[in-house]
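Working notes for the structure below.
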Amino acid sequence: MIGSIDPILLIASLMVASTPILLAALGELVVEKAGVLNLGVEGMMITGAIAGFIAAVETGSPFAGFVAAAAAGAALSLIFALLTQFLLSNQVATGLALTLFGIGFSALIGQGYTGIRPPATPRLDLGPLSDLPVIGPILFRHDPMVYVSLALVVAVGLFLRRSRAGLILRAVGESHDAAHALGYKVVRIRILAILFGGACAGLGGAYLSLVRVPQWTEGMTAGAGWIALAIVVFASWRPGRVLAGAYLFGGVTVLQLNLQAAGVAIPVQYLSMAPYLITILVLVVISADRSRAALNAPAALGKSFHASS
Amino acid sequence: MLRLERRPTPSRLWTAATPVLAVIATMIAGGLLFALLGKPPVEAIRTIFWDPLFGQYASYSRPQLLVKAGPLILIAIGLSLGFRAQVWNIGAEGQYIMGALFGAAVGLAAYPADSVLLLPAMAVAGACGGFLWAMIPAILKTRFNTNEILVSLMLVYVAQHMMSAASFGLLRNPEGMGFPGSRNFQQYPAAFNGELIPGTGMHWGVVAAFCAVIGAYVLLSRHILGFQIRVAGEAPRAARFAGVSPALLTSVCLGISGALAGLAGLFEVTGPAGQITTDFASGYGFTAIIVAFLGRLNPFGILLAGLLMALTYIGGELAQLMLNLPAAAIQAFQGMLLFFLLAFDVLANFRLRLAKGARA
């Protein structure tokens, strides 16, 4: 029964299942490194999911879908940026508002798009390479977004650790007052980071509706955005660990789906709880070690910046 | 160029005025949104805000006001205590579901009991269910420093699956021909939470909500615990020196809000909803967050905000029928309300000044 699960297919589908969370978590990582806590990831993801879906269906091009999704995610995050950076609203409350609004808004514009199949996203075909046993399905037969997300991990890592702009971004996240005193534009840098986070969350959402599912249903992100937030904490704000975290959760999701399909004698509902319970468990393990958890957290995370104060 | 100048203390006038401004702004922006959807904007707004109270079908929809406002107020009161102390319980929806499950389980286990004590016993079980569910993030926060926002939210999804498992398994109606869902409490008089005064929508959950408003007011204005909650939120360091234990406060805030959300769930399942089903959870736990903020975390403000939000629910349903407005529109509308509220809050905390020349 359990033997019917193919480990190679499991790994290949794990990568697909993880990509939406990975994209969203990478975006949020940059946002939090700039000292901003955006709890609206879920809202931006689902808005990206529907925006990408509509654009892909209407134009027939999945690529246009992903572009539209990134734009929609960024547009929604712009609301968050305006509220928290110029009007100095509470970041926790604003992020929640973003999620609540995003879920309602996506359901609103998504009417009439349920039950449609989006245009298929082409997969990489490297001929003999893709046909290799074991390595082929795992490495060379995915759709482009999987490779984009992996490239983004490297890019974000290099940007934060090796580039001057990344250093400035981290400075803003550690102490906005010091960064301001040095003449850096705290608000501008943070807005750019928030927009980047929104675009990434939008891409992640579109990956769900265009590749992973692929369909549009209301509330289809089902907490993926919140899991992405948890992964950033889990990864102690390091891009490489975000990758590990996302693949771990993708693995759990795929495994429980496979167990459901294999007909294990546990009711479906209990298996479906697994990704959420594992998220909690991992959060506990990570945060229990106070010294390590606090070490990497941006010091100014979630604090509003006002130049006069 | 406009410049913001921090006020020494938040302006009382603006604190009270911002919710009103936010509602007006939401009406305007909502009207624009509806116009974009090809619906007559003025009529849509009137259908949502005016018709449920004074329109053609008002005699039907007016009692619904209390039915919808009850759970919202009950949950929002609990949340507001935590929000004041910077304890972010986002998972009220999960606690609401667990309250309904626990309470319903007690009632169904006693089936077909006929005792006046049954409903109170179920209410206690419901409060316990919500309390215990909220204690998970509380204990993880106080013992392992785990973020309560993420844990309480993850538990919402777990609770939803529990609800689904219960309606297919443990609590399924044995006489339900195999359909998912529990026995209907409307056919179980001892456990039924019906209208207390016919035609008003008043049921025990609404009574509990009013009691919670008064209780929270007394707690915040007269009791040491309420004082500690306020200090911990406004000046955490001062609170530490005053001997307020952050761990205890976190547990108390999460515990109270969990118990109240659980109560709301129990009164909903035994009354308006009638049974445990897969789609029992209707998002009250999330809307209550908006209610808490809209009510300025003030008990009487929450009472008004809860009634207003209930109005948008009923008006939204009415607009669905009359104008064919999509159900989700009202959710977007409520989210928008919170945006405007947070945006206008700047007026309470800052003074707008016209800055001339060089910036400070």
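Looking at B:L307, B:L266, just one residue is surrounded by fewer than 21 Cβ atoms within 10 Å (Cβ to Cβ), more than 11 Å from chain A (Cβ to nearest Cβ) and at pLDDT 85 or above, and that residue is B:L307.
I'd like the residue in the stretch A:149-167 that is among the aliphatic types (A, V, I, L, M) and buried (at least 17 other Cβ atoms within 10 Å of the Cβ) and, out of all such residues, is modelled with the lowest pLDDT.
The first filter runs over the stretch A:149-167 and keeps only residues among the aliphatic types (A, V, I, L, M), leaving A:150-156, A:158, A:160, A:165, A:167.
Cutting the leftovers down to buried (at least 17 other Cβ atoms within 10 Å of the Cβ) gives us A:152-153, A:156, A:160.
Numbers: A:L152: 91, A:V153: 91, A:V156: 92, A:L160: 88.
Result: A:L160.
Yes/no per residue for (1) surrounded by fewer than 17 Cβ atoms within 10 Å (Cβ to Cβ); (2) within 30 Å of A:I109 (Cβ to Cβ); (3) out of contact with any strand residue (DSSP E or B) (no Cβ under 7 Å at 6 or more places or on another chain):
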| site | (1), (2), (3) |
| --- | --- |
| A:A230 | no, yes, yes |
| A:V252 | no, no, yes |
| A:G263 | yes, no, yes |
| A:P267 | yes, no, yes |
| A:I286 | no, no, yes |
| A:N296 | yes, no, yes |
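In the stretch B:272-294 there is no residue that is part of a helix (DSSP H, G or I), surrounded by fewer than 21 Cβ atoms within 10 Å (Cβ to Cβ), within 14 Å of chain A (Cβ to nearest Cβ) and in contact (Cβ under 8 Å) with a residue 24 or more places away in the chain.
Candidates are the residues of the stretch A:261-286 that are within 7 Å of another protein chain (Cβ to nearest Cβ) and out of contact with any helix residue (DSSP H, G or I) (no Cβ under 6 Å at 6 or more places or on another chain); the one that is farthest from A:D6 (Cα to Cα) is A:L277.
Here's a check for you: in the stretch B:324-342, which residue that is without any contact (Cβ under 8 Å) to a residue 24 or more places away in the chain and among the aliphatic types (A, V, I, L, M) is farthest from the other protein chains (Cβ to nearest Cβ)? Ranking the candidates gives B:A327 first. Each residue in the stretch B:47-85 was checked for being at pLDDT below 85 and among the basic types (K, R), and 1 pass.
Going by what's in this entry, would B:M177 be described as among the aliphatic types (A, V, I, L, M), out of contact with any His (no Cβ under 6 Å at 6 or more places or on another chain), outside any helix (DSSP H, G or I) and more than 14 Å from every other protein chain (Cβ to nearest Cβ)?
On the way: among the aliphatic types (A, V, I, L, M): yes; out of contact with any His (no Cβ under 6 Å at 6 or more places or on another chain): yes; outside any helix (DSSP H, G or I): yes; more than 14 Å from every other protein chain (Cβ to nearest Cβ): yes.
Here the answer is yes, as B:M177 does meet what is asked.
Starting from the stretch B:154-168, keep only residues that are more than 7 Å from chain A (Cβ to nearest Cβ), then list their pairs with residues that are buried (at least 23 other Cβ atoms within 10 Å of the Cβ) and polar (S, T, N, Q) whose Cβ atoms are within a distance under 7 Å, requiring at least 6 positions of separation or different chains. If the second residue must be buried (at least 23 other Cβ atoms within 10 Å of the Cβ) and polar (S, T, N, Q), the pairs left are B:S167/B:S182. Residues in the stretch A:202-242 that are among the β-branched types (V, I, T) and either within 10 Å of chain B (Cβ to nearest Cβ) or within 15 Å of A:E42 (Cα to Cα) (or both): A:T217, A:T221, A:I227, A:I231, A:V232, A:V233.
Against the condition in a helix (DSSP H, G or I), under 16 Å from the mean Cα position of the chain (by Cα), more than 10 Å from every other protein chain (Cβ to nearest Cβ) and surrounded by fewer than 24 Cβ atoms within 10 Å (Cβ to Cβ), how does A:E58 come out, does it pass? Spelling it out, it is not the case that A:E58 is in a helix (DSSP H, G or I), under 16 Å from the mean Cα position of the chain (by Cα), more than 10 Å from every other protein chain (Cβ to nearest Cβ) and surrounded by fewer than 24 Cβ atoms within 10 Å (Cβ to Cβ). Screening B:L108 against (1) closer than 28 Å to A:G95 by Cα; (2) away from chain A (no Cβ under 12 Å) leaves a single unmet condition, (1).
Look through B:A259, B:A239, B:A232 and report the one residue that is under 25 Å from B:P137 (Cβ atoms) and modelled with pLDDT of 90 or more.
Values: B:A239 fails: modelled with pLDDT of 90 or more; B:A232 fails: modelled with pLDDT of 90 or more.
Matching residue, one of B:A259, B:A239, B:A232: B:A259.
The values are calculated or read from the model by the stated rules, or taken from the named source; none is laboratory data. What you see is a predicted model; the values in this text were computed from it and never measured. FYI the Cβ positions are ideal-geometry reconstructions off the backbone, even for glycines, and counts take in every protein chain you see.
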